[in-house]
Structures are given as C-alpha cells and as structure tokens.
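The values are calculated or read from the model by the stated rules, or taken from the named source; none is laboratory data. Since we're looking at a predicted model, the values are computed, not measured. Because the Cβ atoms are built from the backbone with ideal geometry, glycine has one as well, and the counts that use them run over all protein chains shown. Heavy atoms of the whole protein, side chains included, go into the accessibility calculation; ligands, DNA and RNA do not. Shrake-Rupley method; radii C 1.70, N 1.55, O 1.52, S 1.80 Å.
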Amino acid sequence: MTAFLEVRDLKKQYPGGVRAVDGVSFDLQQGQTLGVVGESGCGKSTLARLLLRLIEPTFGTVRLNGEDLLALKSAQLRERRRDMQIVFQDPYASLDPRMSIGEAIAEPLDIHNIGNRADRRAQVLKWLDRVGLPRTAAERFPHEFSGGQRQRIGIARALALRPKLLILDEPVSALDVSIQSQVLNLLVDLKSEFGLTYIFISHDLSVVEHIADQVAVMYLGVIVEEGPSQAVFNAPQHPYTQALISAVPHPDPRMKRQRMILGGDPPNPANVPTGCRFHPRCFKAQAICASMPPPAQAMLDHPAWCHFPGP
Ligand code: ADP
Ligand code: MG
C-alpha cells in the first residue's frame, strides 16, 4: 500500500557544504499527525519547505497520494499546492501588514480563482467564525491583533483552500504558554473536522507529545529515531532522544528525571561528523560510532539509528 505521503532520501545542501537535510525518509498515513522534533538548526524548517517544494531538493523523492511532486511542472505544482499548506512559526512576519485580514484569508482563493467575490467574502466570514475570531476582523489589519490571534488568522488562511496536508512549523513556539494550548486545541478540532493530515514541527517535546501520533526525531539533518508517539516518548532507544526527553520539565516534581546534559560542540551542518553524526556528544559512543554510520535497529518495534540502542 502506498502511503499518503512518501518521502525518500530527501536532501538539501546549501553552498559551503551545509547539509541542512541529509537523507530523510518516512511514510505518513492520511489522518495521522507526524511530530518532527529536534534542536534548533537540525533541519526541520528546511524539511518543511522541501516537502512543499518551496525550495528545490538536492536529491530524493516526495510522493503525495503516489504522485511525484518533484516531477510536476509549475502549473501542475500550483494546482497541487491546494492540497498542501503551511503555517509558519512567526505570526508577525507571515502576514502582509498592508492587507486586511479578510484580504489575507481570501488571497489563496483569489490566486486559485475559486468562487466570485461574494463567495469569497462568505468563506472569509466562515473561517473567522471557525478559528474563533470576530467577523469584524475582516476589515482590520494585522497590527491590531495579538500573536495568538494572528496565528488563528494564519490557520484560517492555510485552510481556506481545504488542503489535505497541513505543515505546522513551530506554530505555537512564539506564543505565550497560556495561549499555546488554546491554539493547539483549535488545531486538534480542525484536524478531526476536516480530516486533515498534519506534520507538526517543534523543538518543544511536551507540545509534540500532546498532539502527535507518530514522532520523528531529527539530528543534524537526519532522522535518528521514529515510531508511535507513545513508544518514542515512553521508551526512547536513541541516546539523543533520551537526552531531549530528560531535558523536558516534568509536571510532577516527584517524577524528576535524571537530566542528561549533552556535551561536545553544538552540531554544525557544514561539518558533519563521520560515522554516527551524534557520536561526539554521545555518552555511549564506542570506536565503531566514529567510523560506521549506524543501521536502523528496530528495538521494541520502532527504529533507532544507533549502534547501541536501548535504555
Ligand atoms: P530548524 O528549522 O531545525 O531550526 P533549519 O532547517 O532552519 O533548522 O536550518 C538547518 C540548517 O541549514 C541550519 O544550519 C541553517 O543555518 C542552514 N540553512 C537554512 N537555510 C539556509 C540557507 N538558505 N542557506 C544556507 N544555510 C541555510
Ligand atoms: Mg525552524
């Protein structure tokens, strides 16, 4: 069975030998939420842009419903973009300050020539209702809204074309903690109402644990562990995943986890270590880790790319 989204060996190199995404593969089934986690700079946003073909990959394939997105000519790609939309991290940068909220939400419909003026107006009001904003917002401008409200506008704009796949690139990371859960709850509701498939990117594991069915952990441009969210969070097999999880504050202080501090230099995608790219910072590293890239080892049914996976 072909997956809804099938990604194979996707790579993006920038000038200067920067291997921002360095061979990412995964399958995503329709209706699922894939959480992508990893430290800042590990290639999450680059991956998001590659999937939507907002930037061109150096190598690899992306198939949506079996269709090779990288083979599409620009007119076909424009058409396919209706199925795939993105919500960006920064709600202040992602809206044009000179465009009213109504114009911003209607713009994708304009671009794709969907409906007449009255239809588009009705759509704008419908989406404002649906994301929890007053209808009067249509006539107002971005600077009149808070970060959380702007992110609701960004979500309305992304959903106006009724996409199948929504990529959320750190959608709540710029928001106050008190606002984060409101926006997350909205995303959860919209997903079931519209039968959406999500790729939810975040450096914040507690947010991903809350929303994702599947999780992929990225380190220096590659996935180092992936699997069902429960399995990855409850029984992480890769030392990097274990270190990330140990750094998440636990709500119950009695459950205080042993915090693992990552040593070594911060990762640099212009200078990727040989063998396992995590080995210079790994507390389990042996000689083989510096010389051989680790194969996928399926411990407890989910794979980790590590020579010595396990607790
Ligand atoms: P993340 O979203 O996980 O923080 P990014 O995908 O934004 O990471 O970046 C991954 C790496 O690629 C970083 O080292 C970043 O500096 C580099 N990078 C991203 N975009 C470019 C670009 N246009 N040119 C050169 N390097 C880039
Ligand atoms: Mg990013």
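The amide H of VAL215, built 1.01 Å from its N in the peptide plane, has GLY35, GLY227, SER229 as neighbours under 5 Å, considering only residues 5 or more places off or on other chains.
Give me the lysines in straight-line cross-link reach of LYS191: C-alpha distance below 30 Å, same-chain residues under 8 apart excluded. Straight-distance partners of LYS191: LYS11, LYS12, LYS44, LYS73, LYS126, LYS164. When nucleic acids and ligands are ignored and a 1.4 Å probe is applied, CYS42 ends up with an accessible area of around 10 Å².
Rounded, prolate or oblate for the stretch 5-305? Axes are the square roots of the Cα gyration tensor eigenvalues, ordered a ≥ b ≥ c, and the cut-off for rounded is a/c under 1.5. Here the stretch 5-305 falls in the prolate category. Loop-located chymotrypsin sites (Phe, Trp or Tyr not before Pro) in the stretch 16-93 (DSSP state other than H, G, I, E, B) with a sparse environment of at most 10 neighbouring Cβ atoms within 10 Å are absent. For the chain, the share of DSSP beta bridges that are antiparallel, to the nearest 5, is 60%. Normalising the average separation of contacting C-alpha pairs (under 8 angstrom, six or more residues apart) by the number of residues puts the relative contact order of the chain at 20 percent.
Between LEU72, LEU186, LEU159, the Gaussian network model of the chain with springs among Cα atoms under 10 angstrom shows the greatest mean-square fluctuation at LEU72. Only DSSP H runs of four or more residues enter the estimate; each adds -39500 (n - 2.57), and after division by the residues of the chain the mean residue ellipticity at 222 nm equals -9000 deg cm²/dmol. Across the stretch 45-185, Cα pairs under 8 Å and at least six residues apart give a relative contact order of 32 percent. Peptides 148-158, 220-230, 123-133 ranked from most to least packed, by the mean per-residue count of other Cβ atoms within 10 Å: 148-158, 220-230, 123-133.
For VAL222, the amide hydrogen comes within under 5 Å of the amide hydrogens of ASP22, counting only partners 5 or more places away or on other chains and with H modelled in the peptide plane. Computed from phi, the 3J(HN,Hα) profile of the stretch 266-275 under the Karplus parametrisation 6.51, -1.76, 1.60 (θ = phi - 60°) reads x, x, 10, x, 8, 8, 7, x, 6, x Hz, with x in place of Gly and Pro.
Using θ = phi - 60° in the Karplus curve 6.51 cos²θ - 1.76 cosθ + 1.60, the 3J(HN,Hα) couplings for the stretch 291-297 round to 10, 10, x, x, x, 5, 10 Hz; x is entered for Gly and Pro. Put simply, the amide H of ILE86, placed in the peptide plane, has neighbours under 5 Å in ILE167, leaving out anything fewer than 5 places away on its chain.
Of the heavy-atom accessible surface of the stretch 5-305 (probe 1.4 angstrom), what whole percent is carbon and sulfur? C and S atoms contribute 51 percent here.
Kindly report the accessible area of the stretch 5-305 per residue (heavy atoms of protein chains, probe 1.4 Å, no ligands, DNA or RNA), in Å².
47
Backbone geometry of the stretch 211-216 corresponds, through the Karplus equation with coefficients 6.51, -1.76 and 1.60 at θ = phi - 60°, to 3J(HN,Hα) couplings of 10, 8, 8, 10, 10, 10 Hz, x marking Gly and Pro.
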